[in-house]
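The values are calculated or read from the model by the stated rules, or taken from the named source; none is laboratory data. Just so we're clear, the structure is a prediction, and the values are computed from it rather than from any experiment. When we count neighbours, we look across all protein chains shown, and the Cβ atoms used for this are built from the backbone with ideal geometry, even at glycine. The protein model used for the area step is the full one, side chains on, heavy atoms only, and it has no ligands, DNA or RNA in it. Shrake-Rupley method; radii C 1.70, N 1.55, O 1.52, S 1.80 Å.
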Amino acid sequence: MAIPTFATELIRQNPGTVLDLGMGFGMLGVAVRQWLDLGVQPWRTHLVGVEIWPAYRNPVWDLYNLIFVRDLREHLNLDRQQYAMVLIGDVIEHFEDEVAIEVLEQARRLVCPNGSLMVITPDDAMEQGAAHGNPYERHRSVWTSDRFVERGFEILIDSKTPQLPPATPTVVARWTNA
């Protein structure tokens, strides 16, 4: 459910640099290449990915300019770049609350002036253990739209927005470094 909203934001913001934290199989990277670069090389958008689980590597990863295989918390401590858009797609729910809050704060530091931090997550408790052999996939927290609003995010869609069943309701939240 998040992809149309995300694609609209990509087109609206037209970021030249994108950091995809917890890129998984690379689905959001595909959207960046499709909606910003129109699938044509040379890429205009500099796309960086971070993923802790190397077994997710697949041909889609080749769409990224640079990939770091490491814990995104480690990456947040090391990265000194700023990006026009930072993505945390279906990742924040995999952290305990205290760690998730720290991840959001650290990610804000990497957003350039007038850039944005986009977060996509289920809008309801969704039990999930290890998936695809990846123990990091276990859900450890729930991030509703109210929690994002409390932290200065704008809600683009949430469970109050019509979404197609049987998908789990999704939140897409945006923080802008104004």
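3J(HN,Hα) along the stretch 141-147, derived from phi through the Karplus expression 6.51 cos²θ - 1.76 cosθ + 1.60 where θ = phi - 60°, amounts to 8, 10, 10, 8, 4, 4, 5 Hz, with x in place of Gly and Pro. Applying the criteria of a DSSP loop state and at most 12 other Cβ atoms within 10 Å to the GluC sites (Glu not before Pro) of the stretch 47-118 yields Glu96.
How many angstrom lie between the C-alpha centres of the stretch 134-152 and the stretch 1-27? Centre-to-centre (Cα) distance: 18 Å. Springs between alpha-carbon atoms under 10 Å, Gaussian network over the chain: tell me which of Asp90, Asp62, Asp20 tops the mean-square fluctuations. Its mean-square fluctuation being the largest, the pick is Asp62.
Under 1.5 on a/c is rounded, so check that first for the stretch 20-153, then, if it is not, pick prolate when a/b is larger than b/c and oblate when it is not; a ≥ b ≥ c are the square roots of the alpha carbon gyration tensor eigenvalues. It is oblate, given that a/c is not under 1.5 and a/b is not larger than b/c. With contacts defined as alpha carbon pairs under 8 Å and 6 or more residues apart, what's the relative contact order of the chain in percent? The normalised contact order for the chain reaches 21 percent. Normalised by the number of residues in the stretch 45-112, the average gap of Cα pairs under 8 Å and 6 or more apart makes the relative contact order 31 percent. Accessible area of the chain with a 1.4 Å probe: how many percent of it is carbon plus sulfur? The nonpolar share, carbon plus sulfur, comes to 55 percent. The mean accessible area for residues of the chain, using a 1.4 Å probe and ignoring ligands and nucleic acids, is 49 Å² per residue. Only the Cβ atoms of Lys and Arg (+1) and of Asp and Glu (-1) were treated as charged; on that basis the dipole of the chain about its Cα centre amounts to roughly 580 debye. Scanning the chain for chymotrypsin sites (Phe, Trp or Tyr not before Pro) in DSSP loops with at most 16 other Cβ atoms within 10 Å, what's the longest stretch left with none? Between exposed loop sites, the widest span is 44-178.
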